[in-house]
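Written below as structure tokens is the structure these notes are about.
Each reported figure results from applying straightforward, stated rules to the coordinates on display, with no laboratory input. As the structure is a prediction and not an experimental result, all values here were calculated from the model. No Cβ is skipped: glycine too gets one built from the backbone with ideal geometry, and neighbour counts run over all protein chains shown.
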Amino acid sequence: MLSIFTHLASWVVYDILGFSPSTKLGDALHFFIEDTTKIFALLVVMIYLIALVRSSLNIETIRAYLAGKNKVVGYILGAFFGAITPFCSCSSIPVFLGFTSAGIPVGVSLAFLLTSPLINEVAVLLLLSLLGWQFTLIYVVVGLVVGIAGGAFLDFIHAEKMLQPFALKAYESKPNANVALTQSAKLTFYERHSFAVSELKDILQRVWIWVFVGVGLGALLHGFVPDDWFAAHLGHGEWWSVPLAVLVGIPLYSNATGVIPIMESLILKGLPIGTTLAFCMSTVAASFPEFILLKQVMQWKLLVILFLMLLVSFTLVGWILNMAYS
């Protein structure tokens, strides 16, 4: 059964605007209108409901809780909190600094920093809507594994020694390492509603442009790029296609919200799942703009290690998924 969003897009594009379904422009416009209406409807409803649940979430509480855990549990919790908190790579950096100043191991803080831009409630909702629960589960698991494994490795090599001096000083001073777990005051329903509305407005203000950009690019790919173009240029899952896709994604920048409609179009065009995921994760988590921001808190040596670690991780994930789905 066609969804209400499909009917709406067909009515606007084919009935009102008069485009033919067989034209490239008509096909692209239909994709754009169907996906944007679906995404915004889903975001408005689900972000509000999720914000009601998250209305008592306190970053200071999370920081204090992580400070009291051993490293293995800390890696898992750091990645998990990165997944459920709505931060992009830019806004994750102040939280990362707060974690290090609380005496939390750098690997745990970096598990948070790696996972936060890759996974958030918006990305999960879009994936569920556009690509189904199986692909959503793969994406979330991969993001968590990258964060956990990356945090463990960076602790193993004592990455704290490669922080910028002010960040290292804050980490070594550990002023809040033994801070007690704080409890946020119990909120009334009206206060939770006000928080949810504010959260909804804030997230929509930050992501609406990425929805239009991402869906717009996806619509162009869907409507104007021949079905066999990606298979011809990025291979039929050959080993070299994955590292090539990762390298192509580095100069680009998007957040998870903007890149997911592009993922949908790439998969529909026949690009293997592993190659698609490697490209999109590289765009979100290993782009040059993000590393310019990270230079604020990390020395070049740590940046290079982090960069190579992400490239290797995304390449391995792409190869594994391509073999699993071949």
Which FRET efficiency value, to the nearest 0.05, do you get for Lys169 and Ser3 by plugging their Cβ-Cβ distance into 1/(1 + (r/R0)^6) with R0 = 51 Å? 0.40
Would you mind computing, in nm to one decimal, how far apart the modelled labels at Phe307 and Val73 are, each placed 7 Å from Cα along Cα→Cβ? 3.7 nm
By average C-beta atoms within 10 angstrom, highest first, the peptides 315-324, 20-29: 315-324, 20-29
Nonlocal amide H pairs with Met298, under 5 Å, H built at 1.01 Å: Gln164
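Provide Ser198, Ser10 in ascending order of the number of other Cβ atoms located within 10 Å of each residue's Cβ, fewest first.
Ser198, Ser10
Which order, highest average first, do 269-277, 212-220 follow once you tally other Cβ atoms within 10 Å for each residue and take the mean per peptide?
Highest to lowest by the protection proxy: 269-277, 212-220.
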Taking other Cβ within 10 Å of each residue's Cβ, how do Val211, Val146 sort, fewest first? Val211, Val146
Can you compute the modelled spin-label distance between Ser22 and Val197, with each label point 7 Å from Cα toward Cβ, in nm? 5.1 nm
Which of Asp35, Asp202, Asp155 comes first, and how do the rest follow, when ranked by fewest Cβ neighbours within 10 Å? Asp202, Asp155, Asp35
